[in-house]
1. Identify all lysines with a Cα-Cα distance to Lys130 below 29 Å; exclude those on the same chain that are fewer than 8 residues away in sequence.
2. For Ala112 and Ala129, compute 0.36 nm times the residue count separating them, minus their Cα-Cα distance, and round to one decimal in nm.
3. Over all distinct Cα pairs, what is the inverse of the mean 1/r for the range 27-183, reported as the Kirkwood hydrodynamic radius in Å?
4. Lys53: which aspartates and glutamates have alpha carbons under 13 Å from its alpha carbon, excluding same-chain residues fewer than 8 sequence positions away?
5. Pull up the cross-link candidates among the aspartates and glutamates for Lys110, meaning alpha carbon to alpha carbon under 19 Å and not fewer than 8 places away within one chain.
6. Determine the distance separating the Cα centre of the range 18-93 from the Cα centre of the range 99-135; give it in Å without decimals.
7. So how strong a dipole does the range 70-184 carry about its Cα centre when Lys and Arg Cβ are +1 and Asp and Glu Cβ are -1, to the nearest 20 debye?
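Every number in this text was worked out from the coordinates using simple rules, so none of it is lab data. Small disclaimer: the values here were computed from a predicted structure and weren't measured. Every residue, glycine among them, receives a Cβ derived from its backbone with ideal geometry; neighbour counts consider all protein chains shown.
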Amino acid sequence: MTFFSALLAADAAKAAPANESLFAKFGVDGHHLAIQVVNFAILAFILYRFAIKPALGQMEERNRLIEKGLADAQAATQRLAEAQQASDAKLNAASDEAAKILAEARNSAKAAVEAAKAEAQAAQTEVIAKAKAAIEADRVKMLAEVRGEVSRLVVETASKVLAENLDDATRGRLNEAAVKQLAR
């Protein structure tokens, strides 16, 4: 016989009488079962009170913190989007303002250039007018000098040709006649 068959034979020998309860047939002792139920209830109460309840509280706290963090992250994302829109609006406004200032500067520069051109043209016209006036004055002066010189030469030539000494009155008349002749 083998060990296993011996074990089965020993079990058959221990077979319970027919009037035993169902629990006894399965090897359950009522007294031990009641003690184990009380021990399990105490253990369950202690575990619930000191382990499960604090762990659930911590889990609820963590869940609350996570939800708060998600809400804060969503609010921060929304504020970031609003700040981005505000900065874009400010950037566009600054760009428009810069374009306006640049256009005004260009217009102002064009006006300044036009004014400078007009001023330069006026100065040029004035310089030309002064130069013409100076040239005319010089021409009149030179013509007067040339007339005087020509009349002096005419008088000298006439006096040499006439070979006579003219008095001052005659010389003056001849000079005036020569000037009138040259003025024509």
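1. Reachable lysines: Lys117, Lys141.
2. Gain on extension, Ala112 to Ala129, equals 3.6 nm.
3. It is 28.9 Å.
4. By straight Cα distance, Lys53 reaches Glu61.
5. Partners found: Glu119.
6. 87 Å
7. Around 620 debye, computed over the range 70-184.
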